[in-house]
Every structure is written in structure tokens, then in C-alpha cells.
1. By the scheme Lys and Arg +1, Asp and Glu -1, what is the net charge of all other residues having a beta-carbon under 11 Å from that of Gln77?
2. When the gyration tensor of the range 38-172 is built from Cα positions, what are the square roots of 5 times its three eigenvalues, in whole Å, from largest to smallest?
3. What are the residues whose amide H is under 5 Å from the amide H of Ser33, where those residues sit 5 or more places off or on another chain and H is modelled from the backbone?
4. Please arrange Ser97, Ser149 by how many other C-beta atoms lie within 10 Å of their C-beta, fewest to most.
5. Using only the Cα atoms of the range 92-144, construct the convex hull and provide its projected area averaged over every direction, in square nanometres to one decimal.
6. Where does each of Ser157, Ser170 land when they are ranked from fewest to most other beta-carbon atoms within 10 angstrom?
Amino acid sequence: MLVRRALAAAAAVLVLGGCGSEPPSPAPASTFSQADVTFVQALLPQHRAGIALAGVGAERASRPELRTMAAAIVATQRDEVARMTEWLVVWKQAPASEAAAGPDLAGLRAAGQPSFDKRFLSLLIEQQQAAVRLAQAEEAGGSNVNARSFATQVRLSREAQIKQLRGWASAT
């Protein structure tokens, strides 16, 4: 019964938080600013690091609801990476750097339980907070209506995820 409730809560966060929803396509190439380009070029490596982190959590987390959320994050952010990469092509802008200053995945992989879940939750919260900060900068300074809308979607979904993750962390 407790597991069902937890899975239902995780599913609600994923649905209400925007996991799995697709960002809009970009507006024509002439309707973007350097702030939009900077946002996408910064969010792409951040997402790649998040995909790697969430992938480890999807495999190793002891809580089923945490594995479910991590797997949904991987799927969502892969789709978002593809779309943002497409935006840069349409905008005729340089691709984002492949390098990302991500979390220490080797240390995370080496962690046993229950320290793995605690460490993973902490790292994932930090990762999602970084995405929120990037999204807020785009909301404040971007000009492409679709990039700004996507930033709002990212901010709202990550804030919902952070709230859920903090709840799980406090129960761990």
C-alpha cells in the first residue's frame, strides 16, 4: 500500500511537473537573442550531466519511486537535448560544448546503500537547482517566445521535482 502511494505520488510529480512533455519548436531564426543562445548552450551540457546522473539513479536507487523519477528524467532530458540541439541548428549557432561540470559519478557509483540514495538525492537536487537558475535567467532576459516558454516549463517541472526529492531526502 505504501509503495503504491509513493508510486502514485511520483507519477503525479512527473505528470504535473512536465516530465515527458515536449518543448515547443523554435520560432524562426530571426527571432532570437544572444540570451536565448546562451541559455540553450548552457542548458545542453547541464542536461547531459543530468542524464548521466539520473541514469545511475534509475539503476541503483533502492526506492522504486526514485528509480521511476530518475528514469523519467533521463527520457525527458534526452528529448529536450535533441530539441535544443535542433534550435541551435535552426538559429545557425555553434553547438554547445560537450563538456559538463557534472557530479562525481564514480563516487556515487561506489557508494553502498543507504548512503547511495542520500548522495543521489543530494546530487539530483543540486542538478535540478542549476537547471532552475538557467531557466530563470532565460525567463528574465530571453527574447525567443518558445525558448522563454520552454524555460518556464523547465523551471516549473524542476521546482516540482526538487520539492518531491526534498521530501524523500527528509524521509531517508
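Throughout, read-outs are computed from the coordinates displayed, never taken from laboratory work. Note that the structure is predicted; figures quoted are calculated from it, not measured. As a convention, Cβ positions derive from the backbone with ideal geometry for all residues, glycine included, and neighbour counts pool all protein chains shown.
1. Once all neighbours under 11 Å are counted, the net charge is +2.
2. 28, 16, 11
3. Ser143, Asn144
4. By the 10 Å Cβ count, ascending, the order reads Ser97, Ser149.
5. 5.0
6. Result, fewest neighbours first: Ser170, Ser157.
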